[in-house]
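S.K.: Could you have a look at this structure, given as structure tokens, before my questions?
The values are calculated or read from the model by the stated rules, or taken from the named source; none is laboratory data. Since this is a predicted model, take the numbers as computed values, not measurements. We place every Cβ from the backbone using ideal geometry, glycine too, and count neighbours over all the protein chains shown. We work out accessible area using only protein heavy atoms, side chains counted, and drop any ligands, DNA or RNA first. Shrake-Rupley method; radii C 1.70, N 1.55, O 1.52, S 1.80 Å.
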Amino acid sequence: MPRFAFINKKYIDFKQAKIHVEDRGLQFADSVYEVIVILNNNFIDLKFHLQRLRYSLNQLDIKFKFNDNLLKKIFINLINKNKTTNGIIYLQVTRGIQYREHKYNKNLSPTLIIYTRNKKFNLPGKNFAGVNTITYEDLRWKRRDIKTVNLLPNVIAANKAKKMKAYEAILIQNGKVTEGTSSNIWIIKKNNLMTHPANTDILKGVTRTSLLNIIKKTSLNLIEKSFTHKQLLNADEVFLTSSGSFITPIIKIDNKKINNGKIGNITLKLAEMYSKSCING
Ligand code: PDD
């Protein structure tokens, strides 16, 4: 368990960290979040995470202004206090506290929650693993580009995956793949690499954005276009991306093995390129 959390303006004992019962984050999921990886004491893709945090806050009109350097200082203090060499930073901003009513007051003080947790990562190397997945109906709202804690459909699908001993659920909407419950999904067919376009139907993943830059250095043909459930199952290789999962090969979907249940060569190459870029900064 982490020892410290940062709540509003203070570092406090993690066990004593508490939120008001009328915090709108609790009552309405009126709240946004980010999950940032720390690998060997370095932040991964921090700039993109803070850009997306600003975007989510703006989209929901949550008036939380922050300075990147000050936030970074808080992160570093927490990493040191909690001894998080490898793990994640969890950051959440809620609209604040108000008597319970759907309509919010303009001048609420947002609640800021930050803590770190240790985590082991699945990186290329001798223990690099492919994962099993299931498909599940995408039951979510229409603004998935905003990183809110409104995650109940994701939780339901993820727990269905857990029940089936799978790592992730791939969400399907009208016969097409959107993304995973907490990841973006990619398929490879011959030299083509396909992923859902970054519109309001998916979260524009930070790992996705970084990988797009890496792909430019390869001869792969990138297609940002939605693909069908059938294309998913018939792909040569499939993988997912997220902060925390980096690039993780998918070797089984429902009962269908992908690439004979083995990690594909292109996936492995991309995973190596991405993890190298994380380690070298
Ligand atoms: N989830 N899509 C969804 C729905 C997500 O929740 C996430 C991340 C991603 C990948 O985004 P990124 O590459 O920026 O992590 C895609 C985080 C890790 C979580 O909720 O724990």
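S.K.: Excluding ligands, DNA and RNA, what is the solvent-accessible area per residue of the chain at a probe of 1.4 Å, expressed in Å²? Could you put the intermediate results ahead of the total?
M.R.: Numbers: 14770 Å² over 281 residues.
Here the per-residue accessible area is 53 Å².
S.K.: Sticking with this one: Between R117 and K269, how many nm apart are label points set 7 Å from Cα along the C-beta direction?
M.R.: 3.6 nm
S.K.: Which lysines, if any, have their Cα less than 17 Å from the Cα of K165, not counting same-chain residues under 8 positions apart?
M.R.: K252, K256, K257
S.K.: Rounded if a/c is under 1.5, else prolate if a/b is larger than b/c, else oblate: which is the stretch 1-112, with a ≥ b ≥ c the root eigenvalues of its Cα gyration tensor? Provide the component values of the computation, followed by the final result.
M.R.: Details: a/c = 2.38, a/b = 1.49, b/c = 1.59.
Note, shape of the stretch 1-112 comes out oblate.
S.K.: Calculate what fraction, in whole %, of the accessible area of the stretch 222-281 sits on carbon and sulfur atoms when a 1.4 Å probe is rolled over the protein chains. Mind dumping the intermediate values first?
M.R.: Working: 1410 of 2910 Å².
About 49 percent, which is the carbon plus sulfur part of the accessible surface.
S.K.: Let me ask something else. What is the Cα centroid distance between the stretch 60-130 and the stretch 136-179, reported in whole angstrom?
M.R.: 22 Å
S.K.: With labels modelled as points extended 7 Å from the Cα through the Cβ direction, what inter-label distance (nm, one decimal) is found for D254 paired with N40?
M.R.: 4.2 nm
S.K.: How far apart, in nanometres, would the label points at N221 and K65 be if each is projected 7 angstrom from Cα along the Cα-to-Cβ direction?
M.R.: 4.9 nm
S.K.: Further, regarding this structure: List the relative contact order of the chain as a percent without decimals, with contacts defined as Cα pairs under 8 Å and 6+ residues apart.
M.R.: Values: 550 pairs, mean separation 51.2, N = 281.
Contact order relative to length: 18 percent.
S.K.: Let me ask another. On a 1.4 Å probe surface of the protein chains, which of M164, M1 comes out largest in accessible area, and what is the full order?
M.R.: On the way: M164 110, M1 155 Å².
If we order M164, M1 from most to least accessible, we get M1, M164.
S.K.: How large is the helix-only mean residue ellipticity at 222 nm for the chain, computed as the sum of -39500 (n - 2.57) over DSSP H runs with n ≥ 4, divided by its residue count, in deg cm²/dmol to the nearest 500? If you can, show how the numbers build up before the last one.
M.R.: Numbers: 7 runs with 78 residues, N = 281.
Computed mean residue ellipticity for the chain: -8500 deg cm²/dmol.
S.K.: Calculate, in nm to one decimal, what H102 and L233 gain on full extension: separation in residues at 0.36 nm each, minus their alpha carbon distance.
M.R.: Net length gain for the segment: 42.9 nm.
S.K.: Excluding residues on the same chain fewer than 8 positions from K106, give the lysines whose Cα lies under 22 Å from its Cα.
M.R.: The reachable lysines, counting only those whose Cα sits under 22 Å from K106, are K9, K63, K65, K147.
S.K.: Further question on the same structure: Rounded to a whole number, what % of the accessible area of the stretch 4-118 do carbon and sulfur atoms account for, probe 1.4 Å? It would help to have the intermediate numbers written out before the result.
M.R.: On the way: 3240 of 6330 Å².
Result for the stretch 4-118: 51 percent of the exposed heavy-atom area is carbon or sulfur.
S.K.: Tell me, what is the percent relative contact order of the stretch 202-281, built from C-alpha pairs under 8 Å that lie six or more residues apart? Provide the component values of the computation, followed by the final result.
M.R.: Values: 75 pairs, mean separation 22.4, N = 80.
Relative contact order for the stretch 202-281 comes out at 28 percent.
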